[in-house]
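First the structure, in the form of structure tokens, and then the observations on it.
Taken together, the values in this text are just the output of simple stated rules run on the coordinates, not laboratory data. Predicted model, so just to flag it, every value in this text is computed and none were measured. Neighbour counts run over all protein chains shown; Cβ positions are idealised from the backbone, glycine included.
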Amino acid sequence: MDADSCTVERDGSNRKVTPRSMDVLLYLAEHSDRIVSSNELLDAFWSPVASDHAVHKAIAELRYAMGDNGRYQRVIKTIPKRGYKLLLLPGSPEKVQDNGKLAGFVEVLLHEFKYTDYKSLGIGLCAALVLSCLLLLATIVEPQPDTRRSFVLAVYPFQLQAEDQQTVSLFALNLYSNLVTTLSRQEQLLIIPVGGYESQNSELSRQSGAGVGSSDYQVRGVIVQTERQIQLFLSLVRSSSGIVEYSERLTIEPSALKEVPDELIDRLANIVASHLHETHNSNLANARIRY
């Protein structure tokens with residue numbers, strides 16, 4: 001990572017993040033030996049009136065920049081009801097390119113390995129293997145609660161508030177169609193397309209559980225075009241109560257109206273999947289505590 005330019009590089013891909021998100025990443029790296037709570041991050045980087053939503057947004061942005069997501073969490077781990085923990089420590093470009101320390105470490109390791117007590121090492125490995133087998137056996141014998149949870153999403157076409165209705169309408173239709181397709185490929189997500197696109201995917205609708213009334217959440221969006229910019233507002237609404245549980249505002253480049261970028265579709269799908277994953281983990285933790 002480069003804190004000065006607020007960029008994160010992973011697998012040769014550079015992505016910029018907001019200065020505040022970079023501050024959060026630096027803070028998590030500084031305290032990587034422990035779990036950092038949302039309240040701690042709020043106190044450190046936000047005003048007293050800010051909510052957990054601000055922290056969730058920063059974490060989602062960092063995960064997107066680092067090729068991570070809320071489902072697999074290979075970089076930033078969400079600990080339900082406790083906070084976040086950084087699993088992989090980022091390095092500066094200079095440190096990543098500096099192999100001298102690594103070579104020295106390997107040399108010391110080989111030197112120490114030369115004088116290893118192989119008998120003790122063998123006994124330790126056998127003990128670890130026996131313990132692993134016992135833990136695995138206990139897992140198989142004792143029924144574990146099913147942590148998998150399928151969500152039914154009703155995805156609505158994007159509403160428009162635009163001057164150039166024809167161009168923006170075509171962009172909104174393509175974005176909606178691609179978002180439905182991408183979400184339908186996510187494990188544990190069942191999609192109900194709502195609107196004009198629904199007739200083209202009636203089979204998918206039947207597999208998803210018939211109607212919108214059976215959905216857990218609704219994915220709704222509004223595209224607003226002004227003289228200066230184009231903005232997309234995405235909301236995740238709980239169907240049973242109508243409460244907006246999560247919302248996001250994205251700025252769209254005018255050049256994107258000609259062809260919907262895959263990056264935008266992946267980001268929208270990641271926002272939805274990440275929030276649902278965190279919500280399910282939190283509910284599961286509460287259920288276990290009550291039990």
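For Leu190, the amide hydrogen comes within under 5 Å of the amide hydrogens of Phe151, Val152, Leu153, counting only partners 5 or more places away or on other chains and with H modelled in the peptide plane.
Calculated FRET efficiency, His53 to Asp2, Cβ-Cβ distance, R0 = 25 Å: about 0.35 to the nearest 0.05. Placing a label point 7 Å from the Cα of Leu88 along the Cα-to-Cβ direction, the residues of region 12-33 with a backbone N closer than 14 Å are 12-15.
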